[in-house]
Each structure stands twice: as structure tokens, then as C-alpha cells.
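Single-structure report; data block below.
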Amino acid sequence: MYINLKRILILTVFSALFFISLGIPSIGFADSDIAITVSDPDSGGEKIHEGNTINTVLSTPNVSFGDNRVMGTLRITGKKDISIPVKPGNKVMVTLPVGTCYMQAPTAGTYKNYVEWPKDLDGDKNQIQDNKDVPGIKFISGSPRSITVEVGNIDTTGKIMVLDFVFDKENYSTLRVSRLIDVAKDYNENPDEKVTRLEFMKSLADLTVPFPSCPLKIIYDDKILTERFLDSGKISPQDLDKIKPLIDSGVIVGCQNLLEPDNYLTRAEAANAVGKLFPTSEQNTYFKDDLPAWALGIKAAAAKGIIIGYPDGTFKPDQFITKSEALTLLQRTLESYETKKEN
């Protein structure tokens, strides 16, 4: 499935900045876009401006769901009527939408794979320059979906200000792009609604098969699902094909020859399923309430930080999971896949 470029939602960082941007795509047959948020972390979340970019797109790649997806470049430049648009200490935070993440979270040692400041552009000297003591751009923090940097040094003899956020360094700033971005809008608009077992199974399947970095070893079984589950007729052939790898691999086992696709999913069932994608863990969860004996995957999910529980120390395993909780669980699952380190 390929994704075509539509539009990009951009939040400006400083009133002195605008954006020439960005080969970030939107989902092909859906209405949602991949919205990259650019903000000033020191502004307390206040949005100075919000809108769709109408400036030059540096590249427009076709992007399919999966690992190491190359995007375009987000270029930040200064307005022509402002001679020195930024100063040392100004911060910029770039955040990816739910349903995507970097292949690796940026760190102080790797951040130059995510952000670049060319010495010059088309013969004009860039104001952001390294000096012998301070880099032009400093690393502040990084997460699977964000990077925050700070202007370190400005050379006032430069004619332009250029800062590029790149998404093309394999196993670093390239992205995992999942179909979760398609369902995020609905889940965010209806955060307290419950999730059916089939809805969750489909979303979890979308986070496994397209991703080589997913630790689950996919097994394909010749057994026909309609013969294995008495209620499989409630599920469309297309959806059965989608969830079959999870069933064949033992992530989904059903109960007494039933898949119960229309039943609501409990927190224990959801956590157990995502935990089965990862190696088993003997680490204690330390939740105050008792967990079901069959839900062995919960320990693995807790060990990976995918489930945390409530502030009072409980997990509430029998409580139905909400769309908001399911979205968080699935996003953390995507972010927990390990990227092969280079030697």
C-alpha cells in the first residue's frame, strides 16, 4: 500500500520563522495526513500559528507501510525581512504523529542523523555555524517520536538561516509508518469508547507483518480458520486473512473455539496480546491487583514499558480497554521494536 503526498500541518516555532517543507505523505485511501508538528518547547505549548504549508516541497517520495521509510526534508528558514531570525538558546521541537516513529530515538551521539545545518546554500553563508567551542545546533532531548534541539551559535555575517530536519538516514531518522495513523483520528475523537476484539486484532496485525523489526516470528499454518473457530463467519474473509498470521503464530488463541470478534476487549487481553510479540519475561510486574494466570504476555509487555498501570499501582485487568488506552498501547508497541545496530 502506497501513500501519496497531500498536505502537512505545521506549527511555527518563532514568529520570525516560516517553513519550506516537506516530503511527508498522507494515507492513500483515507482522509488523514501525516502531520509533523514543529513547536517552541519553551512557549508552554502555545501555538503561534497553525495551518497547511503552501511552500516548496523539497521531495515527494512514495511511502509504503513498514520500516525505514524515507521522507522528505523539513527546511526552516528565516523571513526575508528579518536579518537575524534566531539567536543562541532558541529551541525547536519536531514531533511525529501517532502511528509513526523514528527507527531509533535521537540521542546526543546520533542527533546529526536527524538535523542538519549546511554551511551555505546556493552560495549564501548560513548564519547557523559551528565554532571551535559550540556546535551550531545542540541536542536537547529525543524520544521515539520527537527531537528537540537548541541554536548553539550564530554567525551574524551569514546572509541566510537554514535548518533542515531530515528523515532519510537508514536505521536512524527514517520512520516506521503504520496503519495506526489511519485509526488514530477516530480513537482520539472518541477516547472513552470501548474497543472490540476484532478492531484490536486488526490493528495489532497491522503492526506486525509489514515490520521486519517486529520480534514476532510469523508462522503460517495451512489450517483453515473457518474450521478452527465456530464464529469465524462473523468476520469478513479480508479481515480473517489479516489476522491469520497472529492466530497461526499463537498471539491470538480464542476461547473454546471462539474468536468473539464483537465482544469488547479487556485490558488484560490487550496487554497479553502485545506482550506475545516479544520474548517472554520473568520480571515481576508489581501491580497491586491479581493478573489472570493465562495472561503470560503481560509480563513481557510490562518489561518493555508498554504497560504501566494506574497511579494507584493497579492494572485493572478485567476492565474494558478504551480507544485512548488502546492507541497508547499500540503506539508503545511500535516504538518498542529494536533497530539493528550498525557495527
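Summary of computed values
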| item | result |
| --- | --- |
| Partners for Lys234 among aspartates and glutamates (Cα-Cα distance below 18 Å; same-chain residues under 8 apart left out) | Glu199, Glu260, Asp262 |
| Residues Ser203, Ser143, sorted so that the one with the fewest Cβ neighbours within 10 Å comes first | Ser143, Ser203 |
| Shape call, the stretch 133-282: gyration tensor on alpha carbons, a/c limit 1.5 | prolate |
| Members of Lys80/Lys185; Lys242/Lys288; Lys223/Lys316; Lys80/Lys112; Lys87/Lys304 lying beyond 31 Å, as alpha-carbon distances in this model show | Lys80/Lys185; Lys242/Lys288; Lys223/Lys316; Lys87/Lys304 |
| Reachable aspartates and glutamates, given that their alpha-carbon falls under 12 Å from the alpha-carbon of Lys299 and they are not under 8 places away in the same chain | Glu282 |
| Karplus-derived HN-Hα couplings along the stretch 258-266 (A = 6.51, B = -1.76, C = 1.60, θ = phi - 60°), whole Hz, x at Gly and Pro | 10, 9, 6, x, 8, 6, 6, 8, 8 |
| Placed amide H near Thr266: partners under 5 Å, 5+ positions off or other chain | Ile321 |
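Every read-out reported here was derived from the displayed coordinates using simple, explicitly stated rules and does not represent laboratory data. All figures in this text were calculated on a predicted structure; none of them were measured in a lab. Ideal geometry is used to build each Cβ from the backbone, glycine not excepted, and the neighbour counts take in all protein chains shown.
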